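Each value in this text was obtained by applying a stated rule to the coordinates, not by laboratory testing. What you see is a predicted model, and the numbers here were worked out from it, not measured in a lab. All Cβ positions, even for glycine, are placed from backbone atoms using ideal geometry, and neighbour counts span all protein chains on display.
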């Protein structure tokens, strides 16, 4: 059983010695399950997911009924969906439950590109945040850019293996893989947004405000302390916000799906996709090119599509209508957009 599945509820169940002894059983796929352990794990599922709003109630009802009946075959069948994979359909669609141990993540390429993207990404966002119309580079932008750079690195850099202090390393260990991609994106995501402390530092140093120069030493330590406090709090609360499997964080599914789309070039299995054979990689680029072409219409040619306030066309000189339905001049009570 994975640590993520058990979460923090492992201490809320009885010990194995307190459970009745039953002989081992096997499900339809010959997966051997010790009934006492299966009962124990199902009890953890019941306790950990009984207030879970993201899990269908019928799943919880099945677990409760199985625990009440105590049938060995039912216990095995009820346990499998929770421990062989995620019980959430959204997670199963976006995150795979298998791992390839032959793929290496700790490479020179990952460290070099990660440090470069951290420096450029955070520095650019901090500098451009000073503009009256700020420009922001998100982690998704870094994720796309790094893929191109990583693939280029794999083609042009030498594959020679060096040995330093007994450790073999190379500038190019083969094709740019998904684990390196994830590591670089995570490194960039930590610092892609400028620190909140910079707002206070700007207010202190700004002439229209306090006009107090505290020196670069104070600025550095103030920024580091505030950032490290946030990272420390994140580490403390991961026990409650990350480890339990009920904490699914749907906003991350777009990133995980994009990772698989960029690195999995295999065609889809037509028997499982209603005849669809186009790979995720090819489909992603079809959609990306379509978005690029279409954006020129609402972004440049007809910007009125961004705020489609068609009601104001009927009575363009009516002040009340513009106040109620105007996109830029009113409340925009019918917010239709085509961008």
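Modelled label-to-label distance, residue 170 and residue 318, 7 Å Cα→beta-carbon offset: nm?
Placing both labels 7 Å along Cα→Cβ, they lie 7.2 nm apart.
Which of the three applies to region 92-132, rounded, prolate or oblate, going by the alpha-carbon gyration tensor with a ≥ b ≥ c and a/c under 1.5 meaning rounded?
Oblate, since a/c reaches 1.5 and b/c is not below a/b.
Report the calculated FRET efficiency for residue 301 and residue 337 (r = Cβ-Cβ distance, R0 = 22 Å), to the nearest 0.05.
The formula returns an efficiency of 0.90 here.
Any idea what the alpha-carbon Rg over 2.2 N^0.38 Å comes to for region 108-241?
Region 108-241 yields a ratio of 1.33.
Using 1/(1 + (r/R0)^6) with R0 = 30 angstrom and r between the beta carbons of residue 294 and residue 159, what's the FRET efficiency to the nearest 0.05?
For residue 294 and residue 159, the calculated efficiency is 0.15.
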